[in-house]
Amino acid sequence: MAKTISPSAETPPPDKPDLRLEEGECVTLSPDSPRFRAVYQQIRPQSIDEVRKIMGLSEEAAQAVAEQTCCRPSTATAALVPAADVTSEDDQVRFRARQVAYDVSREYLSSANPSYLAPWQASLDAFIVATKAVLHLAFLGDIDVTNGATLTISSNTQVLYANNVVIHGSGKIVCKGPVKFKISSLKGDLVFKTGVGLASAAVKGFK
């Protein structure tokens, strides 16, 4: 199991191992993998702002998301979900409330300035607590993906910290879910399986 830390204690470990994939090798980076368990830290946020502190995009990345989703209606136009509905004993009410809160939370995280979503904060905080949200942070040194190799980032990896990332030739890094890259440099292309969203824009601002 990954080490659990508080959101305020988000700090890279002193020794971050390098990761090199040989030609044709396929590796999955996941907190469930015995090979990589030690490079992960686990955070259990108690509010949407704690999630935003870790997963929120830089100004440049948020602008990239805005450009890609310019024609999509804001989820904030949905009727405000009361915080109490998130834990309602009525299955239908609870399901709908959590579904809407999930959609609004994604907009909250990808917005450069989410102040217009302030009325939703109590509901989003209730959603984070009720669903027992867990964030998995992976810490690596340099990542080198050689020709023909594939590094898959699991869907339950939310943030990847690394130094220099190099993808050679037909090598690939495939992201199965929304993930924020906090890296020093990137050479090569990333492949995202989740379409437009946090993942596709996070790498545009290495902050």
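The values are calculated or read from the model by the stated rules, or taken from the named source; none is laboratory data. Remember, it's a predicted structure, so these values are computed and weren't measured experimentally. Every residue, glycine among them, receives a Cβ derived from its backbone with ideal geometry; neighbour counts consider all protein chains shown.
Overview of values
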| quantity | calculated |
| --- | --- |
| Filter result (acidic (Asp, Glu) and under 15 Å from Pro82 (Cα atoms)) within the range 104-144 | Asp125 |
| Hits in the range 126-143 - residues which are closer than 25 Å to Pro31 by Cα and surrounded by 19 or more Cβ atoms within 10 Å (Cβ to Cβ) | Phe127, Ile128, Leu135, His136, Leu137, Ala138, Phe139, Leu140, Ile143 |
| Test: residue in the range 123-141 that is acidic (Asp, Glu) and assigned to a strand (DSSP E or B) | no |
| Residues within the range 89-121 that are in contact with a Lys or Arg (Cβ under 7 Å, 6 or more places away or on another chain) and either exposed (fewer than 13 other Cβ atoms within 10 Å of the Cβ) or not assigned by TED's automatic domain parsing to the domain that holds Met55 (or both), tallied | 0 |
| Some residue of the range 76-90 being part of a helix (DSSP H, G or I), at pLDDT below 95 and either more than 19 Å from the chain's Cα centre (by Cα) or not polar (S, T, N, Q) (or both) | yes |
| Top-ranked residue in the range 166-186 [being touching a Lys or Arg at 6+ places or on another chain (Cβ under 8 Å) and in a strand (DSSP E or B); ranked as farthest from Thr152 (Cα to Cα)] | Lys182 |
| Selection count, the range 89-105, where residues are under 17 Å from Trp120 (Cβ atoms) and either small (Gly, Ala, Ser) or out of contact with any helix residue (DSSP H, G or I) (no Cβ under 8 Å at 6 or more places or on another chain) (or both) | 4 |
